[in-house]
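In what follows, a single structure is set out as C-alpha cells and then discussed.
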Amino acid sequence: MIPAFPLSRLSRRALKFCMMGAVPLLVACSSESDSIDFAPACPVVEIPGEAADYYQYSGNDHDVTHLVARASLTRVVGSCEAGEHRSVMTNMKIGLHVERGPASNVNFVNIPYFVAVVFNGEIKSKKEFVAHVSFDDGRMQDLTHTRNIPITLPVSRHVHSDQYHIEIGFQLTKAQLDFNRAHLVMPTFHKM
C-alpha cells in the first residue's frame with residue numbers, strides 16, 4: 001500500500017490539469033484510428049510461369065526465322081507506404097528484357113502485360129497495359145522497365161496489406177498461352 005501524502009493546493013491543481021490533458025489522449029487511443037502506425041508490408045508479387053514469357057511469331061510456324069519479338073519479365077521493384085483513409089499505396093515498376101526477332105520489319109514492339117490484385121485467392125482487380133519498346137540505332141534487344149504502376153489497397157483492422165498478393169505477367173493470346181504451356185519446363189524433386 002502506498003502511503004498517502006498531503007498535497008498542497010498547487011500540487012492538486014497541477015494534478016487536475018495533467019489528468020484533464022490525459023483524458024483526450026486515452027480516448028484517442030481507445031478508438032480506431034485512420035492511420036497506420038508502422039510502415040505497411042508490401043504484398044507478395046507472383047509471376048505465373050505460363051505468363052512469364054512472350055513470343056510473337058509471324059504466322060503459325062514457331063521457328064526462330066519467324067520470330068517477331070520475344071520478351072521476359074526480369075524483375076519487379078517497388079515500395080509501399082500508408083495511404084489516406086486506411087489504405088496502402090503500392091508503387092511498382094516491372095523490368096523487361098525484349099528482343100527483336102529476325103521476322104520483325106519495324107524498329108519497335110508493343111508488349112501487352114497485366115497486373116492483378118488477388119485477395120483470398122480471388123482476383124479483385126486486373127488491369128492491362130502495353131509497354132512500347134523502341135529499338136533505336138539498329139539494336140536487336142533492350143533491357144527496360146515499365147512506367148510506375150500505383151495501386152491503392154484498402155486495409156482495415158481485420159484486412160492487412162500482407163493478405164493481398166499481386167500477379168503480373170504478359171497478356172497472351174490463347175495460341176501464345178498454349179505455346180508457353182507446351183514449352184514450360186516444370187521443376188522436379190529427387191529423392192535424397
Sparse-neighbourhood loop hits (trypsin sites (Lys or Arg not before Pro), the range 101-145; DSSP loop; Cβ within 10 Å at most 12 others) -> Arg139
Net charge over other residues, Cβ less than 13 angstrom from the Cβ of Lys127 (K, R count +1; D, E count -1) | +1
Percent breakdown of C-alpha pair distances by 10 Å bin, ordered from the shortest bin, for the range 44-183 | 11, 38, 30, 15, 6, 1
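Residue separation times 0.36 nm, minus the C-alpha to C-alpha distance between Lys174 and Phe119: what's the value?
Residue separation times 0.36 nm, minus the Cα-Cα distance, leaves 17.3 nm.
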29 Å Cα-Cα reach of Lys93 towards lysines, excluding residues that sit fewer than 8 places from it in its own chain | Lys124, Lys126, Lys127, Lys174
How high is the relative contact order of the range 44-183, in percent, with contacts defined as C-alpha pairs under 8 Å that are six or more residues apart?
-> 32 percent
Once Lys and Arg are counted +1 and Asp and Glu -1 for all other residues with Cβ under 12 Å from that of Leu177, the total becomes -1
Sorting Glu128, Glu50 on the 10 Å Cβ count, fewest up front, what's the list?
-> Glu128, Glu50
Under 12 Å, Cβ to Cβ, from Cys42 - net charge with Lys/Arg +1 and Asp/Glu -1 | -2
Using Cα centres only, tell me the gap between the range 41-68 and the range 158-192 in whole Å.
-> 11 Å
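A short reminder: the numbers here are calculations on the coordinates, not readings from a lab. Just so it is clear, the structure is predicted and the values come from calculations on it, not from any experiment. Here the Cβ is made from the backbone with ideal geometry for all residues, glycine too, and neighbour counts use every protein chain on show.
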